[in-house]
Amino acid sequence: MSTINDVAKLANVSIATVSRVLNKSENVSEKTKIKVLKVIEELGFEPSKDAKNLATLKNKNILVLTSERILKITDQRKNYGIDEFYKAILMGIEDGFKNTKTKIELKNYDQINENYIQKFDGIIIIGSDPIPNYIENIKIPIVLLDNYIPGKDYNCVVSNGYDGAYFAINKMIKRNYKKIYHLHGSLSYYGFKTRYEGYKSAMQDNGLMPETFECDETEESIKNALNILLKKQPEVIFTSNDPIALILIDLLKKKKIKIPEKVQIIGFDDIIQSSISTPKLSTVKIFKYEMGNNAALRINELINGINVHPVMSSVFTKFVERDTTKKEEGKQ
């Protein structure tokens with residue numbers, strides 16, 4: 001007598017996917033549905049009530065996807081903490097499933113194809129890089145982490161970069177600083193764009209002209225941007241992430257420009273290196289572990305058909321002030 005395990009194995013899908021087909025769930029592509037039904041017919045499989053309910057069991061396969069770009073900058077820039085950012089997120093994801101029998105696989109887009117994906121019950125995609133078209137069209141539950149795509153009803157978990165940037169810049173303005181500039185990475189990435197918008201709004205709401213400068217996340221590009229910024233005699237430089245800020249600190253130290261006496265620096269992330277750098281970096285803390293944990297909880301809900309309407313979950317940030325900003329109120 002055939003079992004649901006036999007069907008899943010022959011169809012090359014998960015047991016939960018077979019269960020979703022049996023329950024006529026919409027979270028299954030037509031191609032997969034046809035393949036599973038064909039195997040069921042060939043095996044003469046007769047589903048029991050327990051088989052239909054298997055989608056709610058704890059045995060799940062989760063695919064965690066990221067881009068080759070993130071893996072490359074992680075390998076190249078470990079000294080500036082990029083790898084730590086994603087490790088904290090992954091820890092949150094793993095802990096979200098720690099009391100279950102869930103199997104998690106970490107891959108980048110170049111390591112997978114459409115057929116490979118079909119064996120998973122859910123997908124968590126980390127980062128703002130473009131998503132391959134075939135992933136967009138599959139019916140497996142997907143949660144975006146640290147990304148939001150306008151016009152697409154993906155479930156997503158993001159940090160509130162706008163609010164974090166607005167709060168930090170507004171704080172500096174209230175201390176009577178006006179020459180506040182923003183050095184950021186590519187605005188094609190959702191996180192950088194929201195921080196950029198928060199900076200602009202804080203400046204404009206206080207009657208100040210925002211001035212922004214884009215750089216690649218490389219030391220050479222940041223060095224070129226810094227040379228331009230220094231001609232403007234900045235009081236505060238706000239960066240779109242901590243790695244850029246930490247590189248700025250190194251470059252300013254080489255130029256023997258004192259921080260925060262001559263230039264104040266504010267980062268965004270609050271990676272470990274920020275708290276041990278010399279001087280210690282003032283930054284906006286992203287709750288990375290919590291983001292990963294929320295993504296795990298959300299994908300689990302979707303797999304089990306709970307609260308299936310797409311939602312955007314925004315995790316608030318917090319300004320952490322250390323040694324790269326002047327803490328005294330006001331300025332002589």
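The values are calculated or read from the model by the stated rules, or taken from the named source; none is laboratory data. Given the structure is predicted, the values throughout are model-derived calculations rather than measurements. Cβ sites come from the backbone with ideal geometry, for glycine too, and all protein chains shown count toward neighbours. These area figures cover heavy atoms from the full protein model, side chains too; ligands, DNA and RNA do not enter into them. Shrake-Rupley method; radii C 1.70, N 1.55, O 1.52, S 1.80 Å.
For the reader, a short list of remarks on this structure follows.
- Top-ranked residue of the stretch 1-19 - restricted to ones that are open to solvent by less than 10 Å² (accessible area, probe 1.4 Å) and of a type outside the set (G, A, S), ranked as nearest to the chain's Cα centre (by Cα): T17
- In the stretch 264-279, the residues that are charged (D, E, K, R) and open to solvent by 90 Å² or more (accessible area, probe 1.4 Å): none
- Residues located in the stretch 221-256, provided they are on the phi > 0 side of the Ramachandran plot and either of a type in the set (S, T, N, Q) or crowded, with 21+ Cβ neighbours inside 10 Å (or both): Q233
- Number of positions in the stretch 103-118 that are touching a residue at least 60 places away in the same chain (Cβ under 8 Å) and crowded, with 17+ Cβ neighbours inside 10 Å: 1
- The residue of the stretch 173-185 that is surrounded by the fewest Cβ atoms within 10 Å (Cβ to Cβ), among those that are touching a Lys or Arg at 6+ places or on another chain (Cβ under 9 Å) and of a type outside the set (K, R), is N176.
- The condition (being touching a His at 6+ places or on another chain (Cβ under 7 Å) and either over 20 Å from Y189 (Cβ atoms) or open to solvent by 10 Å² or more (accessible area, probe 1.4 Å) (or both)) is satisfied by just one residue among E261, E214: E214.
- Of the candidates I140, I124, the single residue that is in a strand (DSSP E or B), open to solvent by less than 20 Å² (accessible area, probe 1.4 Å) and either of a type in the set (A, V, I, L, M, F, W, C) or touching a His at 6+ places or on another chain (Cβ under 9 Å) (or both) is I124.
- Count of the stretch 185-218 residues which are out of contact with any Leu (no Cβ under 9 Å at 6 or more places or on another chain) and assigned to a loop (DSSP other than H, G, I, E, B): 13
- Listed by first and then second residue, the pairs with beta-carbon distance under 9 Å, at least 6 apart or on different chains, first residue in the stretch 220-242 and in a helix (DSSP H, G or I), second at pLDDT below 95 and aromatic (F, W, Y), are D242/Y80; D242/F85.
- Checking L302 against (1) of a type in the set (A, V, I, L, M); (2) open to solvent by 50 Å² or more (accessible area, probe 1.4 Å); (3) at pLDDT below 95, the condition it does not meet: (2)
- Test: I135 is open to solvent by less than 60 Å² (accessible area, probe 1.4 Å) and assigned to a helix (DSSP H, G or I): yes
- Of the helices (runs of 4 or more DSSP H) contained entirely in the stretch 1-102, those carrying at least 3 residues that are closer than 30 Å to T218 by Cβ and modelled with pLDDT under 85 fall at 68-76, 82-96.
- Residue list for the stretch 280-291, restricted to those being at pLDDT 95 or above and buried (at least 21 other Cβ atoms within 10 Å of the Cβ): L281, S282, T283, V284, I286, M291
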